[in-house]
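Structure, as structure tokens:
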């Protein structure tokens, strides 16, 4: 974190640098989140609080019907209207309960911050949209007649996790803010990285358990694990499109 240089004191005009007291080292703030991540956190949390404390049950139901993703709407179960075009991306800002919200916001801060610092605000927002759409696309392919609303940022966050694997989870803090470091790994190089393989394996097992009905305690609704897979694959396969720094590294890379 940068700060203004100390101002010279007229009474110390002839002091040498060695005689001046040392300045304390700059400290990185505990919460050093990119503005775009803070904005997404604020939108998700703000919307959930509005739903909890300001909307009636009827109003909340209407909001979910209009802005959640409902597969049946695209399979002839509903008339096509303007809400059919909003649901595939607005669903990511809504959540099924407080536990769902808190878990997603923690992971958004953890994985979204280094990615946003790496690729920049505009590309990060585009990445959010693309991975959110990929998440609902796979969910729709597998459940086209499902009438249950799909909500949550998990698809986009899973995409960020997929992107993290392509960087081998390497972080650069040289500029005072955490950002994914190094070139994007090629897919073969990812599978030669012990850290990446371990993470992807554990992540896939967790989602498989969700698919078998072993959910997360405290979650108020069924976990849409298919959307997680769709978002993860999109982030994993497409992160190079959004990266603005390095070419693909085809070797295993250092520290793998």
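The values are calculated or read from the model by the stated rules, or taken from the named source; none is laboratory data. Source: prediction; values computed, not measured. Neighbour counts run over all protein chains shown; Cβ positions are idealised from the backbone, glycine included.
Filtering the stretch 110-120 for residues that are in a loop (DSSP other than H, G, I, E, B) and either within 17 Å of the chain's Cα centre (by Cα) or under 20 Å from residue 223 (Cβ atoms) (or both) leaves a non-empty set.
Among all residues of the stretch 100-109, there is at least one that is modelled with pLDDT of 95 or more, part of a helix (DSSP H, G or I) and farther than 30 Å from residue 72 by Cβ.
Residue-by-condition table, conditions (1) out of contact with any helix residue (DSSP H, G or I) (no Cβ under 8 Å at 6 or more places or on another chain); (2) within 24 Å of residue 127 (Cα to Cα); (3) modelled with pLDDT under 95:
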| site | (1), (2), (3) |
| --- | --- |
| 156 | no, yes, no |
| 161 | no, yes, no |
| 178 | no, yes, yes |
| 201 | yes, yes, yes |
| 206 | yes, yes, yes |
| 213 | yes, no, yes |
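Among the residues making up the stretch 36-50, those that are in contact with a helix residue (DSSP H, G or I) (Cβ under 7 Å, 6 or more places away or on another chain) and surrounded by fewer than 17 Cβ atoms within 10 Å (Cβ to Cβ) are 43, 45. Among the residues of the stretch 49-99, which ones are farther than 24 Å from residue 145 by Cβ and either in a helix (DSSP H, G or I) or touching a strand residue (DSSP E or B) at 6+ places or on another chain (Cβ under 9 Å) (or both)? Passing the criteria: 49, 50, 51, 52, 53, 57, 58, 59, 60, 93, 98, 99.
The residue list 116, 148 contains one member that is surrounded by 23 or more Cβ atoms within 10 Å (Cβ to Cβ), touching a helix residue (DSSP H, G or I) at 6+ places or on another chain (Cβ under 9 Å) and either in contact (Cβ under 8 Å) with a residue 12 or more places away in the chain or within 19 Å of residue 241 (Cβ to Cβ) (or both), which is 116. Filtering 7, 59 for residues that are modelled with pLDDT of 70 or more and either farther than 22 Å from residue 131 by Cα or buried (at least 19 other Cβ atoms within 10 Å of the Cβ) (or both) leaves a single hit, 59. The residues of the stretch 163-206 that are within 17 Å of the chain's Cα centre (by Cα), under 18 Å from residue 244 (Cβ atoms) and not in a loop (DSSP other than H, G, I, E, B), listed by number, are 163, 164, 166, 171, 179, 180. Could you tell me whether the stretch 14-29 includes any residue that is part of a loop (DSSP other than H, G, I, E, B), surrounded by fewer than 18 Cβ atoms within 10 Å (Cβ to Cβ), modelled with pLDDT of 75 or more and out of contact with any strand residue (DSSP E or B) (no Cβ under 7 Å at 6 or more places or on another chain)? No, the stretch 14-29 has no match at all. Determine whether the stretch 222-236 contains at least one residue that is modelled with pLDDT under 55, part of a loop (DSSP other than H, G, I, E, B) and over 30 Å from residue 121 (Cβ atoms). There is no residue in the stretch 222-236 that is modelled with pLDDT under 55, part of a loop (DSSP other than H, G, I, E, B) and over 30 Å from residue 121 (Cβ atoms).
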